[in-house]
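What follows is a short report on a single structure.
The numbers here are math on the coordinates, done by the rules we state, and not lab data. Here the structure is a predicted model, which is why all the values come from computation and not from measurement. Because the Cβ atoms are built from the backbone with ideal geometry, glycine has one as well, and the counts that use them run over all protein chains shown.
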Amino acid sequence: MNRRNFLRDAAAMAGASFASAALLPRVSAAEPGSPSAPRFRHKYAPHAGQFEAHAGKNVLDQIRFARDAGFTAWEDNGMRRRERGEQDAMAELLRASGMTLGVFVAYAEFKHPVFAGNRLSIDDRKRDPQAVREMLAREMEATVELAARVGARWCTVVPGAVDPSLLPEQQTANVVENLRHCAAICEKAGVVLVLEPLNYMDHPGCFLQRAAQAHQICRMVGSPSVKILFDIYHQQITEGNLVANMTDAWDEIAYIQVGDVPGRKEPTTGEINFKHLFQWLRDRGYAGVIGMEHGLRTRGLEGEQALIAAYRAVDGGAP
């Protein structure tokens with residue numbers, strides 16, 4: 001599952017009729033995710049669709065199921081595409097359930113060199129910094145409004161493709177300058193834009209690929225509203241050496257996402273030692289959200305129970 005497909009699926013789920021879904025019965029989690037299930041140590045954040053076999057298509061019932069299974073956070077890349085009534089209902093349920101809302105996507109570009117080249121389209125050689133900043137200002141203002149309404153703190157930014165007509169140093173300078181304009185809007189609202197480096201196999205041509213690169217950019221921007229989203233799936237493919245790279249970038253990491261390699265499925269399905277990584281995060285005092293941005297190895301009731309069991313296995317149980 002690549003990120004384009006993940007965002008596409010999230011958008012499709014967000015576009016489902018909230019009015020008809022609200023008529024569905026509320027669903028509680030079955031074993032091993034019963035209402036008495038202990039809370040996970042970390043704030044693992046499921047996505048819409050990961051518990052659909054148990055809870056149905058209603059995203060509110062999926063959140064209730066996740067809560068009863070012991071999860072204390074929720075992540076929704078496609079929150080901006082949902083109808084306002086559904087956004088507000090999700091936010092209220094999360095607040096009432098004591099669950100933290102993780103990231104939604106503030107801006108994600110994969111094809112055009114928007115940040116790096118100040119070009120809204122790869123097909124247009126004209127550089128137009130003013131047009132880019134006006135567009136980004138509109139995106140950030142919409143992001144801040146939604147974040148305040150639903151109680152979100154972190155929002156994902158993918159700054160776009162490389163611009164082969166510029167030197168790398170010039171591209172980095174453009175990215176930094178554009179992020180400073182975004183940060184000026186987000187700082188006032190306490191919203192944190194988290195930059196996500198993407199691996200070169202699933203997303204060839206993207207400007208931001210490495211943790212050290214993201215760290216350098218955050219340092220250059222110098223804003224509390226521009227930090228790193230360290231996605232363990234992407235970084236295992238691009239660089240590996242996960243603990244050392246997280247250590248080196250730690251002062252700028254604000255958010256973590258996971259998915260095993262290969263396949264981008266739940267922990268224990270691939271080569272990454274998530275039990276060790278999650279213990280390392282506990283030892284470092286990480287108390288933030290860990291987004292479950294991955295698919296399921298097996299669909300249906302069995303696959304969803306296996307997903308819960310996998311997180312129990314790597315989490316270590318109740319605090």
Eligible lysines near Lys126 by straight Cα distance, threshold 24 Å, same-chain separation 8 or greater:
Lys111
With springs connecting C-alpha atoms under 10 Å apart, model the chain as a Gaussian network and identify which of Arg133, Arg299, Arg125 has the largest mean-square fluctuation.
Arg125
Percent antiparallel among DSSP beta bridges confined to the chain, rounded to 5, stands at 5
Per-residue ³J(HN,Hα) for the stretch 182-187, Karplus 6.51 cos²θ - 1.76 cosθ + 1.60, θ = phi - 60°, Hz, x for Gly and Pro:
5, 5, 4, 7, 7, 4
If a/c stays under 1.5 just call it rounded; otherwise compare a/b with b/c (prolate if a/b is bigger, oblate if not). Do that for the chain, with a ≥ b ≥ c from the square roots of the Cα gyration tensor eigenvalues.
prolate
With the crude spin-label approximation of a point 7 Å out along Cα→Cβ, what separation in nm comes out for Asp248 versus Asp123?
4.0
DSSP beta bridges in the stretch 158-308 [antiparallel fraction, %, rounded to 5]:
10
Residue-count net charge about Pro224 - beta-carbon cut-off 15 Å; Lys, Arg +1, Asp, Glu -1:
+2
Mind listing the long-range amide H neighbours of Ile290? Cut-off is under 5 Å, sequence gap 5 or more, other chains count too, H placed in the peptide plane at 1.01 Å from N.
Lys43, Tyr44, Ala45
Express in whole angstrom the spacing between the alpha-carbon centres of the stretch 66-100 and the stretch 116-155.
24
Roughly how many Å is it from the Cα centre of the stretch 263-319 to that of the stretch 156-231, as a whole number?
27
Most fluctuating residue given options Ala214, Ala106, Ala148, as computed from a GNM of the chain linking Cα atoms under 10 Å:
Ala148
Pull out a ≥ b ≥ c, the square roots of the eigenvalues of the alpha-carbon gyration tensor of the stretch 88-224, then state rounded if a/c is under 1.5, prolate if not and a/b is larger than b/c, and oblate in the remaining case.
prolate
Name the residues whose placed amide hydrogens come within less than 5 Å of the amide hydrogen of Ile272, ignoring near sequence neighbours (fewer than 5 apart) on the same chain.
Val261
Under 5 Å from the placed amide H of Glu196, counting only residues 5+ away or on other chains, we find Val157, Leu229
Rounded to the nearest 500 deg cm²/dmol, what is the calculated helix-only ellipticity per residue at 222 nm for the chain, with -39500 (n - 2.57) per DSSP H run of length n ≥ 4?
-13500 deg cm²/dmol
